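What follows is one structure encoded as structure tokens, with my remarks underneath.
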Amino acid sequence: MHLGLEFGGGLELLLEKSVKVHKVEVQPKGGEVKVTMRGLLSWVKANLIKERPEMFVKGDSVRPGVLVLINDCDWELCGGLDAELEEKDVVVFISTLHGG
């Protein structure tokens, strides 16, 4: 499944070369028919995050303070971790936490 992923608010600094926009191909996890947000987060952690993964994920979800949008809609309204993604969906991750 082809997806667009975007990282902002500083999360892009955790990725190789700090690239904000990624076009990726993700396959459903074993036994699943569709890619879920739970599966996508696991894939992102394993394939895109190059340093300090604890700044992005906590357990099997994103850290508190990371806003997640699926096609410009809050992921909690789409089902959260169980939200099923469709071909060419765009998922945006934005950190709302800043040091000071």
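The values are calculated or read from the model by the stated rules, or taken from the named source; none is laboratory data. Please read these numbers as outputs of a predicted model, since none were measured by experiment. As a convention, Cβ positions derive from the backbone with ideal geometry for all residues, glycine included, and neighbour counts pool all protein chains shown. SASA here: full protein model, heavy atoms, side chains in, ligands and nucleic acids out. Shrake-Rupley method; radii C 1.70, N 1.55, O 1.52, S 1.80 Å.
Just a few scattered comments:
- For Thr96, the solvent-accessible surface computed with a 1.4 Å probe is close to 80 Å², ligands and nucleic acids excluded.
- Of every Cα-Cα pair in the chain, the percent that sits beyond 15 Å: 58
- Calculated mean residue ellipticity, 222 nm, the chain: -4000 deg cm²/dmol, from DSSP H runs (n ≥ 4) at -39500 (n - 2.57) each, averaged per residue and rounded to 500.
- Cα long-axis angle, helix 37-47 against the chain (0 to 90 degrees, to the nearest 10): 60
- Per residue, the accessible area of the stretch 1-58 comes to 57 Å² when a 1.4 Å probe rolls over the protein heavy atoms.
- Counting only protein heavy atoms and a probe of 1.4 Å, the accessible surface of the stretch 12-52 is 49% carbon and sulfur.
- Normalised by the number of residues in the stretch 1-77, the average gap of Cα pairs under 8 Å and 6 or more apart makes the relative contact order 24 percent.
- Ligands, DNA and RNA excluded, the heavy atoms of Glu16 present near 110 Å² of accessible surface to a 1.4 Å solvent probe.
- Full-stretch length increase - Lys17, Asp60 - with 0.36 nm per residue and alpha-carbon distance subtracted: 13.0 nm
- Within the chain, longest stretch clear of exposed trypsin sites (Lys or Arg not before Pro) (DSSP loop, no more than 16 other Cβ within 10 Å): 51-87
- Extension gain, Glu76 back to Met1 (0.36 nm per residue minus Cα-Cα distance, nm): 24.8 nm
- Dipole moment magnitude, nearest 20 debye, the chain about Cα centre, only Lys, Arg, Asp, Glu C-beta charged: 400
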